[in-house]
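Okay, structure first, notes after.
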Amino acid sequence: MVIKLSQAIEKKPYIIESVLGTDNISVRLKELGFIKGTIVNVNCFSAKKKSALVCIRGYCLCIKSTALSKVLVKWI
Amino acid sequence: MNLILTGNPNTGKTTIYNLLTKSNEHVGNWHGVTITEKSKQTKHFNVVDLPGLYSLNNIASLEENNAVEYLKKHSEDVILNIVDANNLERNLFLTTQLIQSGYKVCLLVNLTTKKTNKKIDYSKLSQKLNVPVIATNGKNRNELINNLLNLTFNQTKLLRHFVSEEEIYNFVNEIIDYAVTETNKTLAYGLSKLDKLLLNKYLALPIFFALIFAIFYLTFSSVGSYLSDQIRNSILSLCNNSQFLNVYLQNNAPAFYNFVNECLINGVLNVLCFLPQITILNLCLNILEESGYISRLAFLFDDVLSALGLSGKGVFTLLMGIGCSATAITTSANMQNKNSKNKLALLTPNISCSAKLPIYTIIGSAFFGVNNIFIIAGLYLLGLVVLMVQAYIYNKIKPTNETFILEFPPLRVPSFKRVLLNSFKTAINFILKAGSVILLFSCIIWVLQHFTYKFKFTTNINESLLKHISTFLVPIFMPLGFNSWGLVASLISGLVAKEMVISSIGILNGVGIDMLANSLTNSSSAVFFTHKTAIVFLVFCLLYTPCMATYAMQKNMCGRKIALLSMAIQFVTAYVISMLMQTILTLCSFWQGIVALICIFEIILIIRWVLKNKKRCNGNCENCSTCILK
């Protein structure tokens, strides 16, 4: 299933299979280890879900979800 | 030998720089403290500290661009790649890129003293990466220097060539499996139990406001106010008991006595009395910064700031603005694009800086007594509202889409030594400012006040040069209710530094700090207020043209055009809002005026809500949150 990460974080939890975007933010996510097989634990506190805390490789990042490109996800 | 310190953000590069060079550069527990390279020559090396970066290829901010450009120009130098022992997996991504690019890399594993569930075999790490590896706790200088002096670079090229990020991470995983043991991969380093409370959907904002209230209470009402009173009393008793000043000078050199009394005591010392309050405010800000709480605020306020065309990262700059606007503007470099950086530099002067504290405290206490804390809180809030309106307008004129990825540093107990050191630096800077800029311009004000335009000494203020200049400018300020030339003179002096406003009021009224508040209600003083003009004056001081230091920093960061634009915008904003305030207060009483302002604000919010809900989409907005059709 290919969806936007902004949609994925609204219905946690997901396993991110791959980031498909080639824009700057997608490349940055890949560099931060946001690649196949990484389990992403999402905590979303924002009412409009504009930004989310995503735990990647044992480290937490705050990501503005609306800016993110499409990701291949598997719902668990 | 050139030694370039580089690595991911918040890995302790500046701490190592300070250790190696015995410097005292600013260190903070958040992403983007260092914005440009800095260097210092030591006995053995020329040490260069670069801003943090995640990758050599994908540059996401101006500070990262500074770092990558520097590395490209200095490819022959030794790179000391600093990595966080607790987050090797991610930090080694950049290390791999650096080694692959042919740099002479030495890996420095930092933060080894922190609690961790990882055990690193440094020799295995060195063997796999084929580069020298040094471990440090960031404290033992001699050991670190000896290790660096014994470095040898035989073969730093990697045997494999990586094309994708995935390949690099596979390689990093191999290294971790080989060199690191007892790894608990499920540990979410960076989030603690306290985070659940600080980022709770319902508690996060009340906790933030409670913290801000506590800072205000400490600064303005309790400890800060008590210490300021103590300093004021000590200075007064020292001056009153001085035989040299009150007997010898007064009798033998009355003009010089007048200069010492009005310029030094009333001008400079009036400002110095606020040293404890400014130090306490900065101490509290340093504690927030050191603890890692500011990154949590960036996350919390990202929604609000993104609606204004900024991102959560803007919180760093805006919060630093409470201390000093000029310093805060330097942190705008961590924004992703130039437009956002310029926008932030234009908005920061709306945040009330600590230099304005003496104005609020003296004028506020003269007219509002113990309720002054609410007036001060109201002024800070007004600054915030004006900032939001300005940001909204800028975003309409030139929209920006700031992407946002921010690392969450772990919450930690602030380093007592570092917090005290940073606050001490602020206090020293304030004293130096009082002893240089404020003293110099106090002297200029005194000279203008005591000399005629034919440059003859006079004690008659009506003949003074200052009165002539200020009277000429009074018509500009008359619509605001500032009919007295003294008020205009004090506002002009505030263009140099905001502390000068109180300093010049002291000189013009010819009174010390003990009588200053009383002199403001006396209509025979050169500078006096009514309740109404006091409020309008405070609002004008909050918003008008930033000081020279802020102008210089804006010019340095964004260019002359933006700096001049900021001066013009701030003056017009202050003028319009003060005039609006003056009109409302003239038409009705103080409390009626406050209610009227709240009503205007409510009406604006309602109009905005109605307009927003009228929006209709074109049918292609799959993620639209306001769409009626959906």
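The values are calculated or read from the model by the stated rules, or taken from the named source; none is laboratory data. Fair warning: this is a prediction, and the values are worked out from it, not measured in the lab. No Cβ is skipped: glycine too gets one built from the backbone with ideal geometry, and neighbour counts run over all protein chains shown.
Each residue in segment B:22-44 was checked for being buried (at least 21 other Cβ atoms within 10 Å of the Cβ) and either modelled with pLDDT of 85 or more or among the acidic types (D, E) (or both), and 0 pass. Every test in (1) surrounded by fewer than 16 Cβ atoms within 10 Å (Cβ to Cβ); (2) at pLDDT 80 or above; (3) within 14 Å of another protein chain (Cβ to nearest Cβ); (4) not in a loop (DSSP other than H, G, I, E, B) is passed by B:F171 save one, and that test is (1).
In the set (1) farther than 26 Å from A:V27 by Cα; (2) touching a residue at least 40 places away in the same chain (Cβ under 8 Å); (3) touching a helix residue (DSSP H, G or I) at 6+ places or on another chain (Cβ under 6 Å); (4) not in a strand (DSSP E or B), B:H26 fails one condition alone, (3).
Of all the residues in segment B:34-73, those that are free of Cβ contacts under 8 Å to residues at least 24 places away in the same chain and either within 14 Å of another protein chain (Cβ to nearest Cβ) or in a helix (DSSP H, G or I) (or both) number 8. Using the structure shown, decide if B:S237 is more than 14 Å from chain A (Cβ to nearest Cβ), of a type in the set (G, A, S) and buried (at least 17 other Cβ atoms within 10 Å of the Cβ). So B:S237 does not fit the description; no.
Quick grid of which residues meet (1) outside any helix (DSSP H, G or I); (2) in contact with a Pro (Cβ under 6 Å, 6 or more places away or on another chain); (3) surrounded by 13 or more Cβ atoms within 10 Å (Cβ to Cβ):
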| position | (1), (2), (3) |
| --- | --- |
| B:K196 | no, no, no |
| B:Y202 | yes, no, no |
| B:I212 | no, no, yes |
| B:F216 | no, no, yes |
| B:L227 | no, yes, yes |
| B:V247 | no, no, no |
| B:Q250 | no, no, yes |
| B:V260 | no, no, yes |
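If I filter segment B:306-323 for residues that are part of a helix (DSSP H, G or I), within 14 Å of chain A (Cβ to nearest Cβ), of a type in the set (S, T, Y) and in contact (Cβ under 8 Å) with a residue 40 or more places away in the chain, do I get at least one hit? Scanning segment B:306-323 turns up at least one residue that is part of a helix (DSSP H, G or I), within 14 Å of chain A (Cβ to nearest Cβ), of a type in the set (S, T, Y) and in contact (Cβ under 8 Å) with a residue 40 or more places away in the chain. Return yes when B:S291 is of a type outside the set (D, E, K, R), farther than 20 Å from B:M553 by Cβ and in contact with a strand residue (DSSP E or B) (Cβ under 8 Å, 6 or more places away or on another chain) and no when it is not. When the stated conditions are applied, B:S291 does not pass them.
The sole residue among B:A345, B:A328, B:A253, B:A298 that is touching a Cys at 6+ places or on another chain (Cβ under 7 Å), more than 14 Å from chain A (Cβ to nearest Cβ) and of a type outside the set (F, W, Y) is B:A345. For segment B:385-416, give me the residue count where each residue is of a type in the set (F, W, Y), surrounded by 13 or more Cβ atoms within 10 Å (Cβ to Cβ) and more than 14 Å from chain A (Cβ to nearest Cβ). Residues in segment B:385-416 being of a type in the set (F, W, Y), surrounded by 13 or more Cβ atoms within 10 Å (Cβ to Cβ) and more than 14 Å from chain A (Cβ to nearest Cβ): 2 in total.
Restricting attention to segment B:79-99, report how many residues are in a helix (DSSP H, G or I) and over 19 Å from B:I59 (Cα atoms). Matching residues across segment B:79-99 total 5.
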